[in-house]
Amino acid sequence: MQMDFTGRNAIVTGGANGIGLACARALTAGGANVTIIDLAKENPREAGAGIGGQGIEADVSDRVSLEAAFARVDPLDILICCAGIARFDCLMVTKQEDWDQTIAVNLGGVFHSLQLAANRMQARRSGSIVVIASTNSYDGEAELSAYNASKAGILGLVHTAANELGPYRIRVNAVCPGLIRTRLTSAHFGNTEVIREYFRHIPLGRGGEPEEVANAAAFYASDLASFITGSTLFVDGGQMASKFGTWSEKTADFIGDHWQLR
Ligand code: NAP
């Protein structure tokens, strides 16, 4: 059985770049009509046209603009919530403004998107919602207190939504990526010393690509996942299964951007 989205309408928030764009491409490849929602400065119309779908400018933390965007997709079968931001600072000096914005976009944006989608889907008694959370939903990476709190909160929303929306045959699941190569993480990937140490703790010895996250999101969105709701899938190269590190110079070399056994 293949992933088939023929005739399905999908929204991908934050879909103009990175993981969101890869999700939009994956759904399109399966036959879905995809609408990308993203900030005006990211030119979602161009991104939407680029995948043969449409793009709408909206801010997921702004209920009014988001509602207007959702109203343009009817009916709605699939929602993938990908819009997100990260602001780095130590807990003790995190600015209120950065805290508020991160929570408003990452957590508030998922709340608004989920609620708007669920209200549209419930009448038809079907739908699939996928939220891109993070390994940071579970662990406490330093200098990311607002981000980590927002991503942990997302899982609370996913569990509650899965519980409440199951009777309407609406499934809600979360994908938790590890470090994935996008603009958001370009500073990591651009620094060999940083990724050498980071990937020491990743059993597969490397970072992930947006398409590898999109494959998991598309699976959840598809009928292949018809009995799965309220669940979480790590796409992290085994990072969450690792403790005290996997790779060492005793047996391996760090070559370019990955660890490799000698
Ligand atoms: P990305 O390349 O920056 O893509 C995120 C997109 O969301 C950008 O186009 C961004 O626009 C947009 N966006 C930001 N705020 C928005 C808002 N208020 N309304 C609508 N769109 C908004 O980042 P990514 O790495 O693909 O991340 C996608 C999601 O995966 C995020 O939720 C992120 O937290 C999560 N994630 C990423 C990683 C990773 O390693 N990359 C790991 C775990 C989880 P701007 O660029 O203008 O802000």
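The values are calculated or read from the model by the stated rules, or taken from the named source; none is laboratory data. None of these values were measured; they are calculated from a predicted model. All Cβ positions, even for glycine, are placed from backbone atoms using ideal geometry, and neighbour counts span all protein chains on display. Quick note on the areas: whole protein, heavy atoms, side chains included, nothing else; ligands and nucleic acids left out. Shrake-Rupley method; radii C 1.70, N 1.55, O 1.52, S 1.80 Å.
Given the conditions (1) near the ligand (Cβ under 10 Å from one of its atoms); (2) surrounded by fewer than 22 Cβ atoms within 10 Å (Cβ to Cβ); (3) within 19 Å of PHE219 (Cα to Cα); (4) not aromatic (Phe, Trp, Tyr), report the number of the one that GLY178 does not fulfil.
(2)
Could you please let me know if ILE37 is open to solvent by 10 Å² or more (accessible area, probe 1.4 Å), closer than 27 Å to ASN136 by Cα and touching a strand residue (DSSP E or B) at 6+ places or on another chain (Cβ under 7 Å)? If you could, list the steps in order and put the result at the bottom.
Values: open to solvent by 10 Å² or more (accessible area, probe 1.4 Å): no; closer than 27 Å to ASN136 by Cα: yes; touching a strand residue (DSSP E or B) at 6+ places or on another chain (Cβ under 7 Å): yes.
Here the answer is no, as ILE37 does not meet what is asked.
Mind listing whichever residues of the stretch 187-225 are buried (at least 19 other Cβ atoms within 10 Å of the Cβ), within 30 Å of THR6 (Cα to Cα) and within 16 Å of the ligand (Cβ to nearest atom)?
Scanning the stretch 187-225 gives GLY208, PRO210, VAL213, ALA214, ALA216, ALA217, ALA218, TYR220, ALA221.
Only one residue in ASN136, ASN173 is farther than 30 Å from ARG124 by Cβ, crowded, with 19+ Cβ neighbours inside 10 Å and touching a helix residue (DSSP H, G or I) at 6+ places or on another chain (Cβ under 6 Å). Which one? Before the answer, list the steps.
Values: ASN173 fails: farther than 30 Å from ARG124 by Cβ.
Of the residues listed, the single one that is farther than 30 Å from ARG124 by Cβ, crowded, with 19+ Cβ neighbours inside 10 Å and touching a helix residue (DSSP H, G or I) at 6+ places or on another chain (Cβ under 6 Å) is ASN136.
What pairs come up if the first residue lies in the stretch 221-243 and is farther than 26 Å from PRO203 by Cα, the second is among the polar types (S, T, N, Q), and their beta carbons are under 6 Å apart, counting only those six or more places apart or on different chains?
The qualifying pairs are ALA221/SER128.
Which one of ILE103, ILE56 is surrounded by 16 or more Cβ atoms within 10 Å (Cβ to Cβ), β-branched (Val, Ile, Thr) and either without any contact (Cβ under 8 Å) to a residue 40 or more places away in the chain or under 22 Å from TYR168 (Cα atoms) (or both)?
Result of the check over ILE103, ILE56: ILE56.
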